[in-house]
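S.K.: Before anything else, here's the structure in question.
Just so you know, all these numbers are worked out from the coordinates, no wet-lab data involved. Note that the structure is predicted; figures quoted are calculated from it, not measured. Counting neighbours? That spans all protein chains shown, and the Cβs are built from the backbone with ideal geometry, glycine included.
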C-alpha cells in the first residue's frame, strides 16, 4: 500500500479501537484527539507519542478496516468454487454480512472520502486503493466466467456494489445489497 504505518503497543491498540468506533459513528472531522484519548483511557500526550498526529490515527483506522475487509472477502471467496458465478456473487454476500455486522452506516471508505477528498492526505491512498482493489477483484473473478466481457462487467458490478453500499447506509429501501446481487447475477449470466 505504501502508506506509513506504526507499530501498535497495547495503548495504541486501545486508542485505535476507540478512534475507529468514534470515527465511524460520528465522522472523522467531528472527533478530536481529546475525545479519542478520553475514550481510550490514555492521555493526549500518549496518543501523540504513539501516533504522531490525528492524520496518522485516521490512516491506521482506515488501513485496519481495509485489511480486515480484504481478509473477510478473501475468506468468503475461498469457500466458493473457482470459475463459478457464485464466486462473483460471493462478493455481494460478503458485503451483506459485513455491512450487517460492522457497517450499519454504510461503507467506511465512502464515508471517509466524503471528508477526505484531498489526494495529498495520507489516508486518501487507502480509500482509493480499496476501491481499486474491488474493481480489480471483480475483473479477476469475471475473467473466470465471462472473459470477453470481464472489464466492462467489472465496472458495472463495481457501480452496483458501491451504490448498494451507499443505499444500505442511507436506508432508502430494504436490502439494496441483495438487489444489487440479483442484478449482478443477471448481468453475469446474460448471453
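S.K.: Report, to the nearest 10°, how far helix 85-102 tilts away from the longest principal axis of the Cα atoms in the chain, using its own Cα long axis and a range of 0 to 90°.
M.R.: 30 degrees
S.K.: Something else now. I'd like the distance separating the alpha-carbon centroids of segment 130-191 and segment 8-27, in whole Å.
M.R.: Centre-to-centre (Cα) distance: 31 Å.
S.K.: Report relative contact order for the chain in percent, whole number only (criteria: Cα-Cα under 8 Å, sequence separation at least 6).
M.R.: Values: 197 pairs, mean separation 42.3, N = 191.
Taking the mean separation of contacting Cα pairs over the length of the chain, I get 22 percent.
S.K.: Applying a 10 Å radius around every beta-carbon, put 116-122, 53-59 in order of their mean neighbour count, most first.
M.R.: Highest-to-lowest ranking by the protection proxy: 53-59, 116-122.
S.K.: Over segment 38-150, what is the mean sequence separation of C-alpha contacts under 8 Å (at least six apart), divided by residue count, expressed as relative contact order in percent?
M.R.: The value is 29 percent.
S.K.: Please determine, in degrees from 0 to 90 and to the nearest 10, the orientation of helix 54-78 with respect to the longest principal axis defined by the Cα atoms of the chain, where the helix direction is its Cα long axis.
M.R.: Helix 54-78 sits roughly 30 degrees off the main axis of the chain.
S.K.: Ignoring everything except DSSP H segments at least 4 long, calculate the 222 nm mean residue ellipticity for the chain; use -39,500 (n - 2.57) per segment, divide by total residues, nearest 500.
M.R.: Rounded to the nearest 500, the figure is -24500 deg cm²/dmol.
S.K.: Right, here's the next one. How far, in degrees from 0 to 90, does helix 150-170 lean away from the longest principal axis of the Cα atoms of the chain, to the nearest 10?
M.R.: Between helix and principal axis, roughly 50 degrees.
S.K.: A further question on this structure: Given Cα positions, please report Rg to Rh for segment 7-52, the hydrodynamic radius being the Kirkwood one.
M.R.: Using only Cα positions, Rg/Rh for segment 7-52 is 0.93.
S.K.: Also, quick follow-up: What's the center-to-center distance, using Cα atoms, between segment 29-65 and segment 91-118 in Å?
M.R.: So the two Cα centres are separated by 21 Å.
S.K.: Can you give the Rg to Rh ratio of segment 35-175, both from alpha-carbon atoms, with Rh computed by the Kirkwood formula?
M.R.: Taking Rh as the inverse mean 1/r over Cα pairs, Rg/Rh reads 1.04.
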